[in-house]
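Read through the structure below, which is laid out as structure tokens, and then see the notes.
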Amino acid sequence: MPGRTVSFHPDDRYAAFLRTIPEAPFGEGRLAGVPVAVKDNISTAGIETTCASRILEGYVPPFDATVVERLKRAGAAIVGKTNMDEFGMGTTTENSAFWPTLNPADPSRVPGGSSGGSAAAVAAGLVPLALGTDTGGSIRCPAAFCGIVGLKPTYGRVSRYGLIAYANSLEQIGPMAKTVTDASLLMEVIAGHDPRDSTSRDCPYHHTPDPEIRGLRIGVPEEFFGEGVDARVASVVWDAISLLERKGAEVITCRMPSMAYALAAYYVTCTSEASSNLARFDGVRYGPPADTKKPWHEAFQERRREGFGEEVRRRIMLGTFALSSGYYGKYYAKAQAARNNVRADFERLFCDVDVLAGPTMPTVAFRFGEKSDPLSMYLSDILTVPANLAGVPAISVPCGKVEGLPVGLQVMGRWMEDERVVDVAYAFEQGRSA
Amino acid sequence: MTVIVGLEIHCQLDTATKLFCGCSTDYRDDPPNSHVCPVCLGLPGSLPKINKKAVEFALKVAKALNCEVPEESEFARKNYFYPDLDKGYQITQYDKPLAVCGYLDIEGDEGEKRVRITRVHMEEDPGRLVHKGGADRPKYTLVDYNRAGIPLIEIVTEPDLRSPKEARRFLNKLRATLEYLGVFDSEKEGSLRVDANISLAGSERVEVKNITSYKGVEKALTFEVTRQKNAIRRGQKIARETRHFVEARGVTTSSRSKEMEQDYRYFPEPDLRPLRVRNWAEEIEIPELPDARKLRFIKDYGLSPTHAATLTGDWQIAEFYESLPADLRVSTATATWVADTLLGELNYRDMSIRGVPLDHFKELLLIRQAGEITEKAAVEVLRSLLDQIRDTGTCELPRQCIGRLGLFVITAAEEGANDPVTAAAREAIAENPQAVADFCQGKKEALNFLVGQVMRKTRGCAKPGDVNRVLTSLLSGDE
């Protein structure tokens, strides 16, 4: 029915949104009239899409991302675009070129990132559902920090068409919600084959979460509780794993040696791809225009220097270096070898166990400005990047608190077994509230 | 001094749509930026999707060039900044090309020659810059992305060519091969671009870029050979450099920009999956190619190797020849007419076989065959028709043209009638009493002279047999 809209005037006290649609149209379908927030790196036809970057200010995509098309077809109302780390590069949403987002669980702390706006919008109850994107943990980290559910689907299960690429070979769009059931419902709407994305697989997701986990084998790699993991966080997560054991699962400790190189492999890969993906932002086609009085290469340099934030420039430089002739073999090629080791480790472990479990993040949400040097920030991604490197599904579900701050339990599954990680998260959620 | 030449040839594949999106490739007569979509504009979030037809076309080329096709082929990103490059990188192929290690046999300077093909790969064409206010000092520059995403194949040869002429012959053979495959239209502006590497044995190699025509290749290389020989003669060293060919002046100039070794930072394109090409190539069939067709022309139509080579050296001409009736095809006269007369007249006018209505020339051949016009008249009609096409783009029907020029054969009626041949013969006899007298004295040559006079009066349209008969009869009657 044409002309129906959802009025959306949220009390956005945590600055989750970059822009909202006061009268958001919606249609018929399973999500008829349900307000959904969309991360600002997902293209929305007619709605400005900036990736929280100055360089894309004013860019209004002429087309919808496939996931947005699917949302609209299911009747959902796209009510706003959420804040994020610029181009997805960050773990706190502090790298937004516009403003930081606050964590609804404790406004003196970051919401996590890079999908911090989506997580905060859901946690604050402004929307029941939100889309995030996860390149190295960007859905799961803010879900854990804000105390909601976030799923990074198997690579290829959700179309990337319309997702403004940061690191193409790693990232997926995924659902964020307060409950596993809601996340699963949103996953059902967005998943499925898309001929416009060559990396998309024909594997739709039709699933109702099932809490029965008797006989399930849960692997817990020692490395998931290694150096840098806060003891209080570890204890909350172990309690959660024990609950799953009481529900009939078998817990098996194991090892994942490739974790030693996962973070390095991740950062070399994602920065390499980013250095190429972001080359198109040169002031010719979008954003504030380059100075046409200057020679084009000078104008390009100036535009890119001013338009990109510090972290984005750093990653472009790192990636450019890693791909340079003479260094390619040492960095990019080696990172791909390490990535294959991570994949092989998962394959080996998944012969003996059905899922892997551990903490989503090594700590609870940081205070603003707490992580000031990039390296210690990068280290906090150590538990989430392996799933992206291997392309396997991973979910974060709230499993308790440390001093009032949410902690996430992360469950990773076999390739294309998103349903199973959803079931395990659901079993925990049900078991906990029982 | 031995000349060593290797070529890198970029050809636009003649697909209906672009390499990674559904935009039409038929952009040449349309306004700028009217054949674009989010994909070929490289808009954020868009993703490439391979055009299978383009891969099929490229695999046909690989097969025709006798290449090895690997199990898997992969796209890569070539990263560099340029205003015509909408994504900041070009999707091309790097370490896993579509095909390698092929060859193409050509007529070389010293007979048959095998030119080795290093590799064949696919890539997308970038957009095009349009400089407003003169190329030297443009006021401003506009970008047209209609061309962005047009499928290209790059064909790289080993340095096996030994002269500018051989390079040109190679290109002609390559063009013929691609057109036989139906994957390339050489008539489209900008459909071919060549970079040539040329060195004199023992000297550094120079790369000449920006060659966009078949003749240009020979011109550019000839210029380079002379330039390099002169430099060496003067005791100068040849610098290893990139030069640009300026077609209008027929010279190459040193690229002014600093010759920094570009680092393209190639890496596998993460948005596309590798192509499984070996099995695919095995399933693809390719049509008869120029060499095979040439042999068949010799064998089936009894043509000379030279005629057969000319008639099969261009797909359109070969098709035209084979559209002629069987009895015409086996005649040397027809082969001569097409290979020498028709192509010669076209060449003289710098016209191409495309854009001329071949049906007209077929009809002309049939009219000539039927004896309705003489050989000489046929050539005159051909010239007139070609002139019309060159000047106006169209031409009359052959019969119209023959009628207008009054070139239909004039037939003499039976004895005593007052037809044009008899009239002309009477005139000739009246005007040349000496010749008549000579004839009556038994000088046979005198009759030939009189025949010539009649032919001139009838503008070559009378049949010599008729003229002979009429003259003889008139002269004997006068006696």
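Express in nm, to one decimal, how much length is gained between A:Ala434 and A:Gln301 on full extension, taking 0.36 nm for each residue of separation and deducting their alpha carbon distance.
42.0 nm
According to a simple spin-label model (label point 7 Å from Cα along Cα-to-Cβ), what is the distance in nm between B:Arg234 and B:Arg390?
Computed distance between label sites B:Arg390 and B:Arg234 equals 4.0 nm.
Using the Kyte-Doolittle scale, find the helices of chain A whose mean hydropathy is at least 0.0 and whose Cα atoms extend 24 Å or more along the helix's long axis, counting only whole DSSP H runs.
Helices meeting the criterion: A:259-277.
I need the Kirkwood Rh of segment A:316-398: take the reciprocal of the average 1/r across all distinct C-alpha pairs and report it in angstrom.
15.3 Å
Calculate the spin-label point distance for B:Ser34 paired with A:Glu245, positioning each point 7 Å from the Cα along the beta-carbon direction, and give it in nanometres.
With each label point 7 Å from Cα toward Cβ, the separation is 7.2 nm.
Figure the gain on full extension for B:Gln316 and B:Lys299 (residue separation times 0.36 nm, minus the Cα-Cα span) and round it to one decimal in nm.
So the extension gain works out to 4.1 nm.
Stick to Cα atoms and the Kirkwood definition of Rh, then tell me Rg/Rh for segment A:197-265.
Computed over Cα atoms, the ratio is 1.09.
In units of 2.2 N^0.38 Å, what is the alpha-carbon radius of gyration of the protein assembly as shown?
1.29
Quick one: P(r) of segment A:5-190 from all Cα-Cα pairs, 10 Å bins, percents rounded to integers, in order of increasing distance.
12, 44, 38, 6, 0
Enumerate the amide H contacts of B:Ala76 below 5 Å, restricted to partners 5 or more residues apart or on another chain; note that Pro and chain-start residues carry no placed amide H.
B:Thr92, B:Gln93, B:Tyr94, B:Glu269
Over what distance in Å are the Cα centres of segment A:162-191 and segment B:218-257 separated?
58 Å
With +1 on each Lys and Arg Cβ and -1 on each Asp and Glu Cβ, and nothing else charged, work out how big the dipole of segment B:3-283 is about its Cα centre, in Debye to the nearest 20.
Its charge dipole is roughly 980 debye.
Helix B:464-478 versus the longest principal axis of chain B: what is the Cα-based angle in degrees, 0 to 90, to the nearest 10?
Value to nearest ten degrees: 10.
Could you pull the Rg and Dmax for segment A:360-399, using just the Cα atoms, both in Å?
For segment A:360-399, the Cα-based Rg and Dmax read 11.9, 32 Å.
Between B:Arg459 and A:Val402, what is the spin-label point distance in nm, taking each point 7 Å from the Cα along the Cα→C-beta axis?
Placing both labels 7 Å beyond Cα along the Cβ direction yields 10.6 nm.
What are the equivalent ellipsoid semi-axes of chain B, built from the alpha-carbon gyration tensor (square roots of five times its eigenvalues), in whole angstrom, biggest first?
Output for chain B: semi-axes of 57, 25, 23 Å.
I'd like the projected area of segment B:420-478, averaged over all directions, using the convex hull of its alpha carbons. Report it in nm² with one decimal.
The number I arrive at for segment B:420-478 is 3.3 nm².
Taking Cα atoms, how many degrees apart are the long axis of helix B:164-181 and the longest axis of chain B, rounded to 10 and kept between 0 and 90?
Taking Cα atoms only, the helix is inclined about 90 degrees.
I need the shape label for segment B:244-360. Rule: rounded when a/c is under 1.5, else prolate if a/b > b/c, else oblate, with a, b, c from the alpha carbon gyration tensor.
Since a/c reaches 1.5 but b/c is at least a/b, the shape of segment B:244-360 is classed as oblate.
Let me have the 222 nm mean residue ellipticity of chain B computed from DSSP H runs of 4+ only, each contributing -39500 (n - 2.57), with the sum over all residues rounded to the nearest 500.
One gets -12000 deg cm²/dmol as the mean residue ellipticity at 222 nm.
Roughly what percent of Cα-Cα pairs across segment B:196-291 reach past 20 Å?
58 percent
Tell me the chymotrypsin sites (Phe, Trp or Tyr not before Pro) within segment A:333-385 that lie in a loop according to DSSP and have at most 16 other beta-carbon atoms within 10 Å.
A:Phe368
If r is the Cβ-Cβ distance from B:Glu189 to B:Tyr80 and R0 is 25 Å, what FRET efficiency results, to the nearest 0.05?
0.50
What full-extension length gain, to one decimal in nm, is calculated for B:Glu107 and B:Glu363 as 0.36 nm per residue of separation minus the Cα-Cα distance?
Between B:Glu107 and B:Glu363, full extension yields an extra 88.8 nm.
From the phi of every residue in segment B:351-363, what ³J(HN,Hα) in whole Hz does the Karplus formula 6.51 cos²θ - 1.76 cosθ + 1.60 yield, where θ is phi - 60° and glycine or proline is x?
Along segment B:351-363, the couplings run 9, 10, 5, 6, x, 10, x, 4, 4, 4, 6, 5, 5 Hz.
Among A:Ala123, B:Ala378, B:Ile353, whose Cα lies farthest out toward the positive end of the dipole of the protein assembly as shown, if unit charges sit on the beta carbon of Lys, Arg (+1) and Asp, Glu (-1)?
My answer, from the dipole projection, is A:Ala123.
Per-residue HN-Hα couplings for segment B:4-21, Karplus 6.51 cos²θ - 1.76 cosθ + 1.60 at θ = phi - 60°, whole Hz, x for Gly and Pro?
10, 10, x, 10, 10, 10, 9, 10, 6, 6, 8, 8, 6, 10, 6, 5, 10, 8
Can you list the HN-Hα couplings for segment A:42-58, worked out from phi with the Karplus curve (6.51, -1.76, 1.60; θ = phi - 60°), rounded to whole Hz and with x for Gly and Pro?
Once θ is set to phi - 60°, the couplings for segment A:42-58 become 10, 5, 10, 4, x, 10, 3, 9, 10, 6, 6, 10, 5, 5, 10, 4, x Hz.
Can you give the Kirkwood hydrodynamic radius for segment B:75-195, in Å, rounded to one decimal and based on Cα pairs?
16.6 Å
Compute the Rg/Rh shape ratio of segment B:3-283: radius of gyration over Kirkwood radius, all on alpha-carbon atoms.
Ratio of gyration radius to Kirkwood radius: 0.96.
Going through segment B:221-291, which trypsin sites (Lys or Arg not before Pro) have at most 14 other Cβ atoms within 10 Å and a DSSP loop state?
Sites meeting the loop and neighbour criteria: B:Arg234, B:Lys237, B:Arg240, B:Arg249, B:Arg256, B:Lys258.
For the protein assembly as shown, build the charge dipole from Cβ charges (+1 Lys, Arg; -1 Asp, Glu) around the Cα centre, then report which of A:Ile148, B:Leu475, A:Met187 sits farthest towards its positive end.
The listed residue farthest towards the positive side: A:Ile148.
Can you compute log10 of I(q)/I(0) for segment B:295-389 with the Debye formula, treating each Cα as one identical point scatterer, at q = 0.11, 0.15, 0.17 Å⁻¹?
Listed by q, the Debye log ratios stand at -0.28, -0.54, -0.70.
Taking 30 Å as R0, compute the FRET efficiency from the Cβ-Cβ separation of A:Glu23 and A:Thr181 and round it to 0.05.
0.55
What is the magnitude of the charge dipole of segment B:199-340 about its Cα centre, with +1 placed on the Cβ of each Lys and Arg, -1 on the Cβ of each Asp and Glu, and no other charges, expressed in debye to the nearest 20?
1080 debye
Tell me which residues come under 5 Å, amide H to amide H, from A:Arg217 once H is placed; ignore anything under 5 positions away on its chain.
Those qualifying (amide H under 5 Å, at least 5 residues apart or on another chain) are A:Glu250, A:Asp354, A:Val355.
Estimate the FRET efficiency between B:Lys215 and A:Ile252 by the formula 1/(1 + (r/R0)^6), using the beta-carbon distance for r and 51 Å for R0, to the nearest 0.05.
Result of the calculation: an efficiency of 0.10.
Putting +1 on Lys and Arg Cβ atoms and -1 on Asp and Glu Cβ atoms, find which of A:Gly248, A:Ala234, A:Ala274 reaches farthest to the positive end of the dipole of segment A:179-275.
The one lying farthest along the dipole's positive direction is A:Gly248.
Express in % the proportion of alpha carbon pairs of segment A:232-381 at distances exceeding 29 Å.
For segment A:232-381, the share of Cα pairs beyond 29 Å comes to 41 percent.
What number, in nm² with one decimal, is the all-direction average of the projected area of the convex hull of the alpha-carbon atoms of segment B:1-152?
12.4 nm²
What are the extents of the Cα atoms of segment A:289-338 along their three principal axes, in Å, largest first?
Reported extents, whole Å, longest axis first: 45, 21, 11.
Tell me the mean residue ellipticity at 222 nm calculated for chain A from its helices only (DSSP H runs of n ≥ 4, each -39500 (n - 2.57), averaged over every residue, nearest 500).
Estimated from H runs of four or more residues: -10000 deg cm²/dmol.
In debye, nearest 20, what is the charge dipole magnitude of the protein assembly as shown about its Cα centre with +1 on Lys and Arg Cβ and -1 on Asp and Glu Cβ, if you could check?
Approximately 1740 debye in magnitude.
What per residue convex hull volume, in Å³, comes out for chain A when only alpha-carbon positions are used?
About 134 Å³ per residue, rounded to a whole number.
For helix B:290-301, what angle does its Cα long axis make with the longest principal axis of chain B, in degrees from 0 to 90 and rounded to 10?
That helix lies at roughly 20 degrees to the long axis.
Hand me the trypsin sites (Lys or Arg not before Pro) from segment A:1-31 located in a DSSP loop with no more than 15 other Cβ atoms within 10 Å, in residue order please.
Within segment A:1-31, the qualifying trypsin sites (Lys or Arg not before Pro) (loop, at most 15 other Cβ atoms within 10 Å) are A:Arg4, A:Arg13, A:Arg30.
Each value in this text was obtained by applying a stated rule to the coordinates, not by laboratory testing. Since we're looking at a predicted model, the values are computed, not measured. A quick note on method: Cβ atoms are made from the backbone with ideal geometry, for glycine too, and the neighbour counts reach across all protein chains shown.
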